[in-house]
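One structure is given below, encoded as structure tokens.
The values are calculated or read from the model by the stated rules, or taken from the named source; none is laboratory data. It should be emphasised that the depicted structure is a prediction, and the values quoted were computed from it without experimental measurement. Please note: Cβ atoms are built from the backbone with ideal geometry, for glycine as well, and neighbour counts cover all protein chains shown.
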Amino acid sequence: MFFPISLSILLASPKFKHMSIHIDEFAVDDPGAVLAKLLDLIATTLQPIYGIGYSMPYYWGPNTFDQGLIASRYATEDRTFYGAPPEIGRRSRAFSRTFLANASERRLDVRMRDIFELNLLSEGHLAQPINGTTLKDFIQRQRIGRLNQLTPVTWQWNVPLADIEPVRRALNDADFIIVKG
């Protein structure tokens, strides 16, 4: 018998380093509402200074991508064995080198792993210089996605998929992103 898991949460322990949450959009009535509730709970309770959110088919291995360990079982809708698309695998492995081996180079309090659909940021991120201004002003002046403050510590920046690549290039040029490319 198959029981769909609508929500799974992974917490790293014994020392809290990261967490991942998977929402199965086919097992909940309103994935957007579930995400909004979780973001409110996480931001209010944990006050994170950095986080990412993305949409990815479960069979590409979203819970391994977040740790830089892409280990997908399938990459195509027909579920033939090919692994994750090359770009996703490349970005995951590039982050893995820093995440696992060079933790001191991460500096996720002021830098970003990459640009995602959902980015949780801190004032440390938003105050970083980019193109003669701060990241916060850059986002607002360029009207890149939606930036809103969740708590005194945590900001949410949603970036439309169509804007991710041009924003990635600009932030790469400013040495703001850990995963180069």
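Brief remarks follow.
- Qualifying residue in the stretch 114-125 (condition: within 23 Å of residue 94 (Cα to Cα) and among the charged types (D, E, K, R)): yes
- Boolean, residue 146 is out of contact with any Pro (no Cβ under 7 Å at 6 or more places or on another chain), basic (Lys, Arg), within 21 Å of residue 166 (Cβ to Cβ) and modelled with pLDDT of 70 or more: yes
- Condition check for residue 78: of a type in the set (Asp, Glu), modelled with pLDDT of 70 or more and either surrounded by fewer than 18 Cβ atoms within 10 Å (Cβ to Cβ) or over 23 Å from residue 160 (Cβ atoms) (or both): no
- Test: residue in the stretch 51-58 that is within 14 Å of residue 118 (Cα to Cα) and modelled with pLDDT under 75: yes
- Flag for residue 45 being touching a Phe, Trp or Tyr at 6+ places or on another chain (Cβ under 7 Å) and either loosely packed, with under 15 Cβ neighbours inside 10 Å or modelled with pLDDT of 85 or more (or both): no
- Which listed residue is over 16 Å from residue 53 (Cα atoms), in contact (Cβ under 8 Å) with a residue 40 or more places away in the chain and under 16 Å from the mean Cα position of the chain (by Cα), from 130, 164, 178: 178
- Residue check, residue 30 modelled with pLDDT under 85, farther than 26 Å from residue 107 by Cβ and not polar (S, T, N, Q): no
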